[in-house]
1. What FRET efficiency would be calculated for the residue pair residue 165, residue 58, taking the C-beta separation as r and a Förster radius of 35 Å, to the nearest 0.05?
2. Add -39500 (n - 2.57) for each DSSP H run of 4 or more in the chain, then divide by its residues: what number comes out at 222 nm, to the nearest 500 deg cm²/dmol?
3. Using a Förster distance of 35 Å, how high is the FRET efficiency between residue 17 and residue 103, based on the Cβ-Cβ distance and rounded to 0.05?
4. Mind jotting down the distance between the C-alpha centroids of segment 73-144 and segment 166-210, whole Å?
5. Quick check: residue separation of residue 6 and residue 47 times 0.36 nm, minus the Cα distance between them. What number comes out in nm?
6. Quick one: go through segment 162-182 and flag any residue whose amide nitrogen is under 15 Å from the point 7 Å out along the Cα-to-Cβ line of residue 205.
7. Against the longest alpha carbon principal axis of the chain, how many degrees, from 0 to 90 and to the nearest 10, is the axis of helix 158-167 turned?
8. Given R₀ = 25 Å, FRET efficiency for residue 185-residue 94 by Cβ-Cβ distance, to 0.05?
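Please treat every number below as a calculation from the coordinates, not as lab data. As the structure is a computational prediction, the values presented were derived from the model and not from experiment. Note that we place each Cβ from the backbone using ideal geometry, even for glycine, and neighbour counts take in every protein chain shown.
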């Protein structure tokens with residue numbers, strides 16, 4: 001059995017086996033629905049997407065897991081994100097929660113050029129930039145998009161999870177699971193995990209999903 005140097009390394013190794021769409025998240029009935037896994041990437045050395053605030057060139061948020069759903073129009077694109085954070089201590093949890101706390105500032109998702117040019121997966125050789133569908137030609141600059149909606153799944157050690165669940169109220173964008181759910185080699189197939197991930201969507205707040213109107217034609221020229 002392979003040994004891992006840290007809990008984060010173990011979680012990232014397990015998340016590499018998760019699909020491009022967060023497991024359990026239903027297909028969107030209308031509008032753009034283009035999920036890609038940004039972190040972790042099975043190809044070591046690839047520049048992966050990250051989160052930051054406008055104007056910041058140093059402070060970045062690098063979740064253990066990051067899925068991006070690209071949407072909008074070529075004129076006004078955006079991204080919805082689903083992030084996963086493994087928290088080995090309560091202090092670590094407080095630090096990571098603060099990075100995703102509701103704010104009046106805009107959060108940006110940055111997709112570096114090497115990541116955009118790489119293939120979607122080992123099984124799908126389509127370049128990510130083509131799968132996203134916002135360009136007519138191969139991009140030459142990183143893609144920087146405003147985050148429209150974010151959902152975060154936190155993994156806590158058993159004793160921390162039990163105490164948190166008994167006494168704390170999560171924010172609307174937060175979801176919590178025991179760490180074992182993330183370190184399980186077959187976690188993506190766990191019905192309970194798939195169920196909680198399936199609720200991590202704005203779609204569950206609506207009676208049904210209306211048809212999105214006003215989809216502009218065209219694409220970013222690159």
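1. 0.50
2. -6000 deg cm²/dmol
3. 0.60
4. 20
5. Gain on stretching residue 6 to residue 47: 12.6 nm.
6. Residues passing the 15 Å test: 171-175.
7. Tilt relative to the chain: about 80 degrees.
8. 0.30
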